[in-house]
Amino acid sequence: MELVRGSSNIAARHRGAIVTIGSFDGLHRGHQALIAATVQRARAADRAALMLTFEPMPREFLQTDPPARLTNFRERWRYLATSGLDALVLLRFDAKLRATRGADFLQLLQRELAVAGVVVGHDFRFGREGEADAAFLAAAGERLGFDVEVVPPVVGEGERVSSSALRAALQTGDFDRAARLLGRRYAMRGRVVAGQQLGRTLGFPTANIRLRRRRIPLGGIFAVRVRGIDGTVRAGVASLGTRPTVGGVEPLLETFVFDFEGDLYGRELEVEFVARLRGEERFESLDELVVQMHADERAARVALGMI
């Protein structure tokens, strides 16, 4: 899959494509239905399949207190790499794009992409202050000569699949519900960076991943599975938060991988959340923290079926 940054880098090979448009935060089953419809239509018409999306996500630009972000760009890119899409067109959401009227956004679709078809969800909105919706787009498509497919909501076990439902499941630690909404277990990924190495001195060396998102959708201590170390799935316990005992500020994902010794710096890992063990706490001393860390390790091993 090709990454195209900005409309100025759209090339002739991208024109005449079938395009889906949106933020696609979380890439849940509803988003997957949009992508599948886009790829299917593109293959049937022998055209390219494109996704048009935004960074930052519009709500992050528009709201002072936006919803927690479910996936950062790296995570979205990794999931999309095997989706069948041919290219991801990434537009920077800024004041100029915010002020773009719906009709002008349609001009971008026509002028820059010459789209042959557009696939959107039933709740799609675009243009200044969301003034245009899926019905507006469908009517414009008839007038301007491109097909529009509006995909209905995906419903599973009586619940409409949505990013807000997924956030609610994660906030309560209901990872089985989250998996039903996603079609996979919820995970975060990133490259391991050097930390203060405090965990190593306490007997719990951790792989530290910066989250690169404004807000996180969950926090606390978790039993996890880790991929990206040696081709196997490793078990572990992870802390997701700001580390109040040591005066931390930046949210960090710290993972202690069970029964592993080695250097993981620079390695890209995927950390899958299995069970929430407890909330993040501030301890009065490092000794108290170590006692709790031993208890967390045992609880995680139990949750993962290792004990």
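Here, each number is a calculation from the coordinates, and none is a lab measurement. This structure is a prediction, so every number in the text was calculated from the model and none was measured. In this analysis, Cβ positions are derived from the backbone assuming ideal geometry, glycine residues included, and neighbour counts consider all displayed protein chains.
Across region 2-159, Cα-Cα pairs farther apart than 22 Å form 38% of the total.
Considering only Ala238, Ala99, Ala42, the Gaussian network model of the chain with Cα springs below 10 Å gives its largest mean-square fluctuation to Ala99.
Rg then Dmax, both in Å and based on the Cα atoms of region 185-303: 13.1, 39.
Could you work out [θ]222 nm for the chain from helices alone, using -39500 (n - 2.57) per DSSP H run of at least four and dividing by all its residues? Round to the nearest 500 deg cm²/dmol.
Values: 10 runs with 91 residues, N = 307.
When only DSSP H runs of four or more count, the value is -8500 deg cm²/dmol.
With a Förster radius of 25 Å applied to the C-beta separation of Arg5 and Arg78, the computed FRET efficiency comes to 0.90.
Using the 10 angstrom Cβ neighbour count as an exposure proxy, how do Tyr186, Tyr79 rank, fewest first?
Tyr79, Tyr186
Of the labelled figures (1) 24.1, 78; (2) 18.8, 58; (3) 21.6, 70, only one reflects Rg and Dmax of the Cα atoms in Å as derived from the coordinates, namely (3). So what's the gap between the Cα centers of region 229-270 and region 77-146, to the nearest angstrom? Taking the Cα centre of each part, region 229-270 and region 77-146 sit 38 Å apart. Across region 255-299 the C-alpha pair distances fall into 5 Å bins from zero in the proportions 5, 13, 23, 21, 19, 16, 2 percent. Listed from fewest to most Cβ neighbours within 10 Å, the set Val224, Val154 follows the order Val154, Val224.
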